[in-house]
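J.: One structure is given below, represented as structure tokens, and several questions about it will come after.
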Amino acid sequence: MVAPERDEGADKCKLEPPGAVCVSLPYEGKAVKIHGKTPQEFIATLQKSAVAWINFTVKDIEKEGTEIAMKLGFSATLVPTLLKGYYAWIEDYDTEMGIMVPAVMISGLDLECHPLIILVRKDLIVTIHSQEVQRLINFARYADHYVKRFPSDMPVQDKLTMMLVRILDENNNVNFEQLREIEEHADEMSKLLMDASSSREMIGKRVYEMKHTLITYLNTLWRTLDVLHTLRFGDSDLISDDPKVLSQVGLLADDVNRQIALSEHMSSVLASGLEVLQALYNNQLQVLNNKMALTITWLTILGTAVLVPNTLATYFGAINGVDDTKMLFYTAILLISTVNATVLAYWWVLRKVKVPKQGDDVSR
């Protein structure tokens, strides 16, 4: 490997802690792991390496990532081109290849998708990601034990491909764990749906947020699967064409397919939840309508019962005035008219209006 010339602007590409870690498998000897802050610190190690992996943690992935790529001999346009992709992308320039895959993180119902850049050359893999992404930092702690298990007679291209598969697998596994977050909130949603006192507005908002998070998560899985399909056929000159090695990429694709199936199943469950929510709304509205109908019925009866004697009393008062000798007669007439008006009003309401009874099925 030819080391790029060190220029005066090298210090401009200095990284904040945790900086970078390099795992190298030399032509002779054991695997080594070194830490650093600039790409130039790894040049001497790379010159002696059969296969090497460097993981960079940066603040500004586009600016610092482009500088890192250039310092290590990659094209200046490779990183910006990858970042224009939708969640995931792959660029193959024959002698070098760039891959972007999503690093998904879910907190509550908030999904964040950070780009993970993977640059590949004939004997070097470089990964670049933001400080929020910790999965490869954790993998780097034991990556030297992984590479030293490569058979000594394994071709360099196969070793490079196996290392690439291991990096993609580590990222996928952490992405898959995020589905558990959505499942936990789906269980909470089930409890809310069972509670008749739950606010309809709050439940509707929570269902929408969960559905949106799940759709975004599914998009990241589909885009990741597209990248894996591109790699699994071994069309790139940098990727091994050994069927056994390529089968490892196929296993990654199968894992993503299983996660897609699980996510789509959860989407169906959420859709069922929306149907339950709609039925709950309809039942509540029906109960309210029944109560209103019952109230109006009795108000009609009471209004009719009061209206007739009130009219008679007004009439008697206007014609004859208040006469104590005829008070008993007036009282009897008012009582009889009140009873008759009440009975007639109740009979008419029963014939014309169906009064809901307690225990009626309101879900129909």
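The values are calculated or read from the model by the stated rules, or taken from the named source; none is laboratory data. The structure displayed is predicted, hence computed values, not measured ones. When we count neighbours, we look across all protein chains shown, and the Cβ atoms used for this are built from the backbone with ideal geometry, even at glycine.
J.: I'd like to check something: does the stretch 212-224 contain any residue that is closer than 26 Å to PRO102 by Cα, outside the structural domain of ILE125 (by TED's automatic domain parsing), modelled with pLDDT under 75 and surrounded by 14 or more Cβ atoms within 10 Å (Cβ to Cβ)? Please lay out each step first, then the result.
T.: Just the residues of the stretch 212-224 that are closer than 26 Å to PRO102 by Cα, to begin with: 212-224.
Retained after the next criterion (residues that are outside the structural domain of ILE125 (by TED's automatic domain parsing)): 212-224.
Retained after the next criterion (residues that are modelled with pLDDT under 75): none.
No: the stretch 212-224 contains no residue that is closer than 26 Å to PRO102 by Cα, outside the structural domain of ILE125 (by TED's automatic domain parsing), modelled with pLDDT under 75 and surrounded by 14 or more Cβ atoms within 10 Å (Cβ to Cβ).
J.: Scan (1) surrounded by fewer than 21 Cβ atoms within 10 Å (Cβ to Cβ); (2) without any contact (Cβ under 8 Å) to a residue 60 or more places away in the chain; (3) part of a strand (DSSP E or B) for the single condition GLU132 breaks and write down its number.
T.: (3)
The rows are residues; the columns are (1) at pLDDT below 90; (2) among the hydroxyl-bearing types (Ser, Thr, Tyr).
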{"site": "GLY108", "(1), (2)": "yes, no"}
{"site": "LEU116", "(1), (2)": "no, no"}
{"site": "VAL120", "(1), (2)": "no, no"}
{"site": "THR127", "(1), (2)": "no, yes"}
{"site": "VAL133", "(1), (2)": "no, no"}
{"site": "ARG149", "(1), (2)": "yes, no"}
{"site": "SER152", "(1), (2)": "yes, yes"}
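J.: Report whether or not GLU64 is at pLDDT below 90 and either in contact with a Phe, Trp or Tyr (Cβ under 6 Å, 6 or more places away or on another chain) or not basic (Lys, Arg) (or both). Break it down stepwise before answering.
T.: Details: at pLDDT below 90: no; either in contact with a Phe, Trp or Tyr (Cβ under 6 Å, 6 or more places away or on another chain) or not basic (Lys, Arg) (or both): yes.
Taking the combined requirement at face value, the residue does not satisfy it.
J.: Let me ask something else. Of the residues that make up the stretch 279-291, is at least one closer than 27 Å to TYR217 by Cβ, at pLDDT below 75 and surrounded by 15 or more Cβ atoms within 10 Å (Cβ to Cβ)?
T.: yes
J.: Counting just the residues of the stretch 55-114 that are of a type in the set (Ser, Thr, Tyr), closer than 23 Å to HIS229 by Cβ and within 21 Å of the chain's Cα centre (by Cα), which one comes out surrounded by the fewest Cβ atoms within 10 Å (Cβ to Cβ)? I'd like the intermediate steps shown before the answer.
T.: From the stretch 55-114, those of a type in the set (Ser, Thr, Tyr) are 57, 66, 75, 77, 81, 86-87, 93, 95, 107; that's our starting set.
From the residues that got through so far, the ones that are closer than 23 Å to HIS229 by Cβ too are 81, 86-87, 93, 95.
Filter once more, so that each one left must be within 21 Å of the chain's Cα centre (by Cα): 86-87.
Numbers: TYR86: 11, TYR87: 19.
Applying the filter and picking the extreme gives TYR86.
J.: Need pairs with beta-carbon distance below 9 Å; first residue over 10 Å from VAL245 (Cβ atoms) and within the stretch 148-163, second surrounded by fewer than 12 Cβ atoms within 10 Å (Cβ to Cβ); sequence gap 6+ or separate chains.
T.: These pairs meet every condition: LYS148/LYS30.
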